[in-house]
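The values are calculated or read from the model by the stated rules, or taken from the named source; none is laboratory data. Being a predicted model, the structure only gives us computed values, none of them experimental. Counting neighbours? That spans all protein chains shown, and the Cβs are built from the backbone with ideal geometry, glycine included. With ligands, DNA and RNA removed, areas are computed over all heavy atoms of the protein, side chains included. Shrake-Rupley method; radii C 1.70, N 1.55, O 1.52, S 1.80 Å.
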Amino acid sequence: MSAAISHLQSPISGDSPLDVLLVLRSCAEHYPPTANQANLLAEAGLRVGIVDLSVDGAVDALGPSIRRWRVHRMWNSKLEPPLPIGIRWTNWFRFFRACQSIIRTSRPRVVIAYDTLGSIFVKPDPRRYRSIYHFHELAGPIPGESFGPRRARLKAAQRSRCADLVVFSDAHRARIFQERTGMSALPKVVMNCPRRMEKVPSSPLRQQLARSTQH
């Protein structure tokens, strides 16, 4: 996908309009393919920005030229109790307002929104920018889902039919998504390929397995 928008290359300036704005309703460090994509676009000479969330203790994985807006702290669903409904709605509204404001002031030429919770904050608007919906996971109905998630999933599916480009990481999920949403064309398949590593980092897995077999 980097090659598909590389023709946007422009001189980089701290207060100039963005070429590409990424919208992720999570912390970019929790999604290495997204951080990797942001860095590759920036290294290609594009003016890149990202709207995401902050998380405690995360080491910034983005290049210094990337403009970043961390709207609020991310809730840790594995370690923290659910947030009160009032705080959840407040954070939702804050993220919506931030996306609208940043798009208005930074005037990106392309907006890449990730997954259901990113795409619902970015409405396709061909008069202002090109919209790309990039799905890491297959967005489908979940048993017992509440009104909010169900509404978000349906809105993301509806808007996908109007987006300039919809992306999945494999053809199987792309085909299922096309069938579910009634898209006229199959989503583009772009694999989540990691950067080349000259030195593979050491893993503690072997030592941990050895310790576990001793008990």
*Just one of the numbered conditions (1) out of contact with any Leu (no Cβ under 6 Å at 6 or more places or on another chain); (2) surrounded by 17 or more Cβ atoms within 10 Å (Cβ to Cβ) is not true of residue 173; which one?*
(1)
*asked:* Could you check region 180-215 and list, in sequence order, the residues that are part of a loop (DSSP other than H, G, I, E, B), open to solvent by less than 100 Å² (accessible area, probe 1.4 Å) and farther than 30 Å from residue 166 by Cα?
replied: 201, 203, 204
*Being in a helix (DSSP H, G or I) and either farther than 18 Å from residue 114 by Cβ or polar (S, T, N, Q) (or both) is the filter here, so list the residues in region 37-84 that pass it.*
37, 39, 43
*asked:* Between a residue in region 59-75 that is more than 17 Å from residue 48 (Cα to Cα) and in contact (Cβ under 8 Å) with a residue 40 or more places away in the chain and any residue that is small (Gly, Ala, Ser) and open to solvent by less than 30 Å² (accessible area, probe 1.4 Å), which pairs come within a Cβ distance under 8 Å, given they are 6 or more apart or on different chains?
replied: 74/26
*Which residue pairs have Cβ atoms closer than 7 Å, lie 6 or more positions apart in sequence or on different chains, and pair a first residue in region 168-184 that is of a type in the set (A, V, I, L, M) with a second residue that is modelled with pLDDT of 90 or more and loosely packed, with under 15 Cβ neighbours inside 10 Å?*
171/189; 174/186; 174/189; 183/161
*asked:* So residue 102 passes all but one of these: (1) in contact with a Ser or Thr (Cβ under 8 Å, 6 or more places away or on another chain); (2) touching a residue at least 40 places away in the same chain (Cβ under 8 Å); (3) aliphatic (A, V, I, L, M); (4) buried (at least 18 other Cβ atoms within 10 Å of the Cβ). Which condition number does it fail?
replied: (1)
